[in-house]
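Visitor: The structure that follows is given in the form of structure tokens.
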Amino acid sequence: MTNIVDQITGHRRMRRNRKADWTRRLVQENRLTVDDLIWPVFVVPGTNVVEPIAAMPGVNRMSIDRLVEAAKEAADLGIPALATFPNIEMSLRDETGSNCLAGDNLINEATRALKRHVPSIGVITDVALDPFTSHGHDGILREGEIVNDETVEQAAKAAVIQADAGSDIIAPSEMMDGRIGVIRQALDDAGYQNVGIMSYATKFASAFYGPYRDAIGTGGLLKGDKKTYYIDPANGTEAIRDAALDVEEGADMLMVKPGLPYLDICWRMKEAFGLPVFAYQVSGEYSQIKAAAMNGWIDGDRVMMETLLAFKRAGCDGILTYFAVEVARALSKRG
Ligand code: PBG
């Protein structure tokens, strides 16, 4: 006796594999592990400072001593790497972001402390100028224009200085043309053949960065927008062309930023280049989930896990996420 559904499906039933926890585990295609996580952190001057960031519930700015403690916990949980972002004094910020070239600036001192006290965790540093400029742009501003080549030259110098401090991976996020090749050459000339480059290959001119700008104190500073250097959210093919240049110039890893609204780009990048691809689940993505969870509108823990798994399904090798420690703790409980 054949019933109507069997007639229609030709006896194929997708639900057979979903019928129990054990079948579902058996057929699960993607898994999130602690090895997939990179934890972005905010550093402030001083000692014993842990400052909550209002727009990012659960995320703090930390002085270097407290960052070292947090990094030890992260390393113990198995998190492979941190990405550090500085919130420096306003008095140190200027038109050209000159403090990025100081060997003892906040970001380089943080790297030194991390490498000294928590040598097992990877340190990823950005060379964009926005934490260092008085105008909040990622590059040098000359007569209303973010000048490309001069910014690249400075970014390459900053990269070598960051490598001097012990940075393991340079992650340039300022989207200037030619930066990957120039930074690679500068690192190699300085003998830093083993320092890698994770290119923020496709960084979109996104509104999801809002809370981050509060976190590093550039929110009130930024004049205009970043549309002359970040990619238009409408453009997928242009993003792949931009990433292709970074691959040719020697990028070791590629990043897509923001993350969840750009899963198509993650997938296309992985397919096109086969390099390790990382998504940056940015501040606005984090805060949306936190805010809705705090209102009781969604189950925050489950949504957190689901978004991170979605990155894996989209072909990502890992995710930069402010949830990193929370996720690592949850994963270690699961065993
Ligand atoms: C800029 C930079 C941004 C972020 C990190 N570095 C974007 C911006 O402010 O324009 C965003 C990170 C986040 O939102 O979590 N170089």
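Visitor: From the C-alpha coordinates alone, can you work out the Kirkwood hydrodynamic radius of the stretch 141-198, in Å? Let's see the in-between values first.
Guide: Details: mean 1/r = 0.0867 Å⁻¹.
Over the stretch 141-198, the inverse of the mean reciprocal pair distance is 11.5 Å.
Visitor: In Å², and per residue, what accessible area does the chain have when probed at 1.4 Å with the other protein chains present? List each step's numbers first, then the result.
Guide: Numbers: 15450 Å² over 335 residues.
Result: 46 Å² per residue.
Visitor: Relative to a virtual label point 7 Å from the Cα of R313 in the Cα→beta-carbon direction, which members of the stretch 264-298 show backbone nitrogen distances below 14 Å?
Guide: In the stretch 264-298, the label zone of R313 (backbone N under 14 Å from the point 7 Å along Cα→Cβ) covers 264, 267.
Visitor: I'd like the Kirkwood hydrodynamic radius of the stretch 1-160, using the inverse of the mean 1/r over distinct C-alpha pairs, in Å. Don't jump to the answer; show the numbers that get you there.
Guide: Numbers: mean 1/r = 0.0520 Å⁻¹.
It is 19.2 Å.
Visitor: What does the charge count around Y212 come to, taking other residues whose C-beta lies under 11 Å from its C-beta (Lys +1, Arg +1, Asp -1, Glu -1)?
Guide: Here the charged neighbours net out to -1.
Visitor: Could you tell me what percent of the accessible area of the chain is made up of carbon and sulfur, with a 1.4 Å probe and every protein chain present? If you can, show how the numbers build up before the last one.
Guide: Working: 7850 of 15450 Å².
Exposed carbon and sulfur together represent 51 percent of the surface.
Visitor: Quote the accessible area belonging to F273 in square angstrom, nearest 10, computed with a 1.4 Å probe and with ligands, DNA and RNA left uncounted.
Guide: Result for F273: roughly 50 Å² accessible.
Visitor: On the first, second and third principal axes, largest extent first, how far apart are the outermost C-alpha atoms of the chain in Å?
Guide: That gives 81, 43, 39 Å along the principal axes, largest extent first.
Visitor: Something else about it: I'd like the antiparallel share, as a percent to the nearest 5, of DSSP beta bridges with both residues in the chain. Could the numbers behind the result be given before it?
Guide: Numbers: 6 of 38 bridges.
Roughly 15 percent of the beta bridges in the chain run antiparallel, per DSSP.
Visitor: Could you tell me which of the pairs K270/K312; K203/K270; K157/K270; K257/K312; K226/K270; K227/K257 are separated by over 19 angstrom between their Cα atoms in the structure shown?
Guide: Distance filter (> 19 Å) returns K157/K270; K226/K270.
Visitor: Could I ask something else about it? Can you tell me the length gained on complete extension of the stretch D299 to E326, counting 0.36 nm per residue apart and subtracting the Cα distance? Mind showing how you got there, number by number?
Guide: On the way: separation 27, 0.36 × 27 = 9.72 nm, distance 1.44 nm.
Computed gain between D299 and E326 is 8.3 nm.
Visitor: How far apart, in nm, are two points set 7 Å out from the Cα along the Cα-to-Cβ line at D104 and at R12?
Guide: If labels sit at D104 and R12, their model points lie 6.9 nm apart.
Visitor: Each label point is 7 Å from the Cα along the Cα-to-Cβ direction; what then is the distance between the points at E51 and N3, in nm?
Guide: Going by the 7 Å Cα→Cβ label model, 6.4 nm.
Visitor: I'd like the antiparallel share, as a percent to the nearest 5, of DSSP beta bridges with both residues in the stretch 120-230. Kindly include the intermediate steps, with their values, before the conclusion.
Guide: Values: 3 of 8 bridges.
Antiparallel bridges: around 40 percent, rounded to the nearest 5.
Visitor: Points 7 angstrom from Cα along the Cβ direction at N30 and R116: gap in nanometres?
Guide: Placing both labels 7 Å beyond Cα along the Cβ direction yields 4.1 nm.
Visitor: Normalised radius of gyration for the stretch 255-335, please: alpha carbon Rg relative to 2.2 N^0.38 Å, two decimal places.
Guide: Numbers: Rg = 13.1 Å, N = 81, 2.2 N^0.38 = 11.7 Å.
The reported ratio for this selection is 1.12.
Visitor: At 20 °C and 1.002 mPa s, what whole-number value in µm²/s does Stokes-Einstein give for the translational diffusion of the stretch 26-119, with Rh from the Kirkwood sum over Cα pairs?
Guide: Working: Rh = 14.8 Å.
This corresponds to a translational diffusion coefficient of 145 µm²/s.
Visitor: Within 15 Å, Cβ to Cβ, of V50, how many net charges do the neighbouring residues add up to if Lys/Arg are +1 and Asp/Glu are -1?
Guide: Details: positive: R61, R66, K72; negative: E51, D65, E69, E73.
Cβ neighbours under 15 Å give a net charge of -1.
The values are calculated or read from the model by the stated rules, or taken from the named source; none is laboratory data. None of these values were measured; they are calculated from a predicted model. With ideal geometry, Cβ positions are generated from the backbone for all residues, glycine too; neighbour counts draw on all protein chains shown. To get the accessible areas, we keep the full protein, side chains included, count just its heavy atoms, and leave off ligands, DNA and RNA. Shrake-Rupley method; radii C 1.70, N 1.55, O 1.52, S 1.80 Å.
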